[in-house]
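K.L.:
Quick one: structure below, then a few questions.
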Amino acid sequence: MANGSPALDAERDAIVGALVPLVDGIAATFGPVCEVVLHDYRDPEKSVVAVAGALTGRSAGGAMSEIGLRMLARGDEAADELNYLTRTKGGQQLKSSTMVLRDSTGAVFGALCVNVDVTAVQQAQALLAGIGGAGAVETPTTTFGNDIDSVVEAIVDAHQLRRGRTWVQLDRAQRLELFRGLDEHGVFAVRRAIEQVAVRLGISRASAYSYLSQARAATGTPATSDPASDGGAA
């Protein structure tokens, strides 16, 4: 992921500035079924630089979604994700594409995202599939919001729900797997996320740091900072 330097920051600012007019242009081309969001990953908690359309209810200055956090976790290995399906909490089916932004060094520092509401199309396909005897494929729900805390909490809850058990019902291996999964989804790239995860799981901050450090040690990922520090990435 991009590291800061005055020259590179100026270059990234210029790239973002040049893309802002495209946000409105792309959204206007496709009409009300389209939303375009421009992200600057240098500030994950306020990554939305510009947005046109209202499919996910976000505005400039809002937080990145769990998709953005996943990109952030992949760092410079992140790649474009095109034509994937997501579903909002309101039930809208979206066809989305996330195109990463890179500076001249190849470092990832943002993304341009396009969401298209295909709810009517999906409903028609489900109807035809039902008539033809095939079952519809359930699209996972993605949390979109201006508040990064709600995004982090939704990811934690989803990971617990998939296991069908509460924290106290998990054994040590399952707890480490939970923290490994949260880490892979970029949760701990957000400032103060370790404290938020600890509260959500009902454990101490020190325990959360310990589980995260053990999970990272098992995968060869650099260890976390000391539990006394603020934690998370800037």
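K.L.:
Sorting Leu22, Leu176 by accessible area (1.4 Å probe), largest first, what list results?
P.N.:
Largest accessible area first, the residues go Leu22, Leu176.
K.L.:
As an exercise, find the ratio Rg/Rh for the stretch 1-119 from alpha-carbon atoms, using the Kirkwood inverse-distance average for Rh.
P.N.:
Rounded to two decimals, Rg over Rh is 0.96.
K.L.:
Collect residues whose amide H, placed 1.01 Å from N in the peptide plane, falls under 5 Å from the amide H of Gly110; neighbours closer than 5 in sequence don't count.
P.N.:
Tyr41, Leu101
K.L.:
Please list, ordered by chain and number, the residues whose modelled amide H lies under 5 Å from the amide H of Val190; skip anything fewer than 5 residues away on the same chain.
P.N.:
So Val190 has HN proximity to Ala233.
K.L.:
Which cross-chain or sequence-distant (5 or more) residues have an amide H under 5 Å from the amide H of Leu170, H modelled 1.01 Å from N in plane?
P.N.:
The answer is none.
K.L.:
In whole angstrom, how far apart do the alpha carbon centroids of the stretch 45-118 and the stretch 182-204 sit?
P.N.:
21 Å
K.L.:
With N residues in the stretch 51-103, what two-decimal value do you get for its Cα radius of gyration over 2.2 N^0.38 Å?
P.N.:
Compared with the compact-globule rule of thumb, the stretch 51-103 sits at 1.21.
K.L.:
If you don't mind, there's one more thing I want to ask. Add +1 for every Lys or Arg and -1 for every Asp or Glu among the other residues with Cβ under 15 Å from the Cβ of Gly106, and state the total.
P.N.:
Once positives and negatives cancel, what remains is -2.
The values are calculated or read from the model by the stated rules, or taken from the named source; none is laboratory data. Quick caveat: nothing in here was measured; it's all calculated off a predicted structure. Don't worry about glycine lacking a Cβ; one is built from the backbone with ideal geometry, like all the others, and counts go over all protein chains shown. Heavy atoms of the whole protein, side chains included, go into the accessibility calculation; ligands, DNA and RNA do not. Shrake-Rupley method; radii C 1.70, N 1.55, O 1.52, S 1.80 Å.
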